[in-house]
Amino acid sequence: MEWHIKCDPQEISRYIFCPGDQQRAKKIADQFDTSHLVTESRGYTVYSGEYRGVFMTVCGTGMGGPAVAIGLEELAHMGGDTFIRVGSCGVFQEGQIPGDVIAASGTVRAAGTGNAYLPPIFPAVPTFSVLRSLVEAAEELNIPMTVGVGMASDSFYRPHNSEQFLQMKAAGLVFVEMESDTLFIVCAVRGWRTGALFA
């Protein structure tokens, strides 16, 4: 039995969607052909079910790197090996509007949790095959998608260095959120597959 996500490992798929918001977890599970609540424990809300014959899990992790890292580790102990972050984000580039879909090709590491796994010089990037699948799915569904580098920070209300942000914006920075760097780094260390998708 895991410390925080308490459930039968047989109820956890290898394919796991990881939104932060527990209500978003339910919204994702509602898109499955069948789904059920697996557990609600210590801020983690987990649903599993099937979509087109594929067993899938979705876990609302809560906000920030520490919660995501714990969730990833425990879900992987129960069989998960492919994790797709699904969340909301802020944007930097002109012309980006609410509802735009973004897939991360990498994340600037401005948070702390990943530093316990790898030094900050190591890049936070998704698994290429997963990123490619996200892009192909968007093309198949005719959903416009921006693919680019973003930034993750675990201090939502911290004072911002506007000069630094302007530099990164000029270099093409697309999004800002709080968890993708941790997702990419933890899974790089453990050998799990990752992707991240935002609106």
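General remarks:
- Selection from region 130-147 of residues that are part of a strand (DSSP E or B) and of a type in the set (Val, Ile, Thr): Thr146, Val147
- Residue among Pro98, Pro119, Pro159 that is at pLDDT 95 or above and open to solvent by 30 Å² or more (accessible area, probe 1.4 Å): Pro119
- Tally, over region 48-69, of residues that are in a strand (DSSP E or B) and free of Cβ contacts under 8 Å to residues at least 24 places away in the same chain: 3
- Criterion applied to Ser88, Ser105 was being hydroxyl-bearing (Ser, Thr, Tyr) and more than 19 Å from Thr127 (Cβ to Cβ), and the one residue passing it is Ser88.
- The single condition among (1) open to solvent by less than 40 Å² (accessible area, probe 1.4 Å); (2) closer than 26 Å to Tyr47 by Cβ that Asp154 does not satisfy is (1).
- When region 113-129 is filtered for residues that are among the small types (Gly, Ala, Ser) and either part of a loop (DSSP other than H, G, I, E, B) or more than 12 Å from Val189 (Cα to Cα) (or both), only Ser129 remains.
- Given (1) open to solvent by 80 Å² or more (accessible area, probe 1.4 Å); (2) under 24 Å from Ile97 (Cβ atoms); (3) not acidic (Asp, Glu), number of the condition Arg132 does not satisfy: (2)
- Within region 147-195, tally of residues that are in contact (Cβ under 8 Å) with a residue 24 or more places away in the chain, farther than 24 Å from Ala137 by Cα and among the charged types (D, E, K, R): 3
- Scanning region 1-47 for residues that are assigned to a strand (DSSP E or B), out of contact with any Gly (no Cβ under 6 Å at 6 or more places or on another chain) and either open to solvent by 20 Å² or more (accessible area, probe 1.4 Å) or free of Cβ contacts under 8 Å to residues at least 40 places away in the same chain (or both) returns Tyr15, Phe17, His36, Leu37, Val38, Thr39, Glu40, Ser41, Tyr47.
- Residue among Gly150, Gly99 that is of a type in the set (Gly, Ala, Ser), under 25 Å from Cys59 (Cβ atoms) and in a loop (DSSP other than H, G, I, E, B): Gly99
- Evaluation of Gly60 against the conditions (1) crowded, with 17+ Cβ neighbours inside 10 Å; (2) more than 12 Å from the chain's Cα centre (by Cα); (3) not basic (Lys, Arg) shows that the sole unmet condition is (2).
- Residue match in region 77-93 (condition: part of a helix (DSSP H, G or I) and open to solvent by 20 Å² or more (accessible area, probe 1.4 Å)): yes
Matching residues to (1) in contact (Cβ under 8 Å) with a residue 60 or more places away in the chain; (2) aliphatic (A, V, I, L, M):
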{"position": "Met78", "(1), (2)": "yes, yes"}
{"position": "Val91", "(1), (2)": "yes, yes"}
{"position": "Gly99", "(1), (2)": "yes, no"}
{"position": "Ser105", "(1), (2)": "no, no"}
{"position": "Ala110", "(1), (2)": "yes, yes"}
{"position": "Tyr117", "(1), (2)": "yes, no"}
{"position": "Pro126", "(1), (2)": "yes, no"}
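- Among (1) within 14 Å of Gly90 (Cα to Cα); (2) at pLDDT below 95; (3) not in a loop (DSSP other than H, G, I, E, B), the one test that Leu166 misses: (1)
The values are calculated or read from the model by the stated rules, or taken from the named source; none is laboratory data. Remember, predicted model here, so these are calculated numbers, not experimental data. All Cβ positions, even for glycine, are placed from backbone atoms using ideal geometry, and neighbour counts span all protein chains on display. These accessible areas exclude ligands, DNA and RNA; they are computed on the full protein's heavy atoms, side chains included. Shrake-Rupley method; radii C 1.70, N 1.55, O 1.52, S 1.80 Å.
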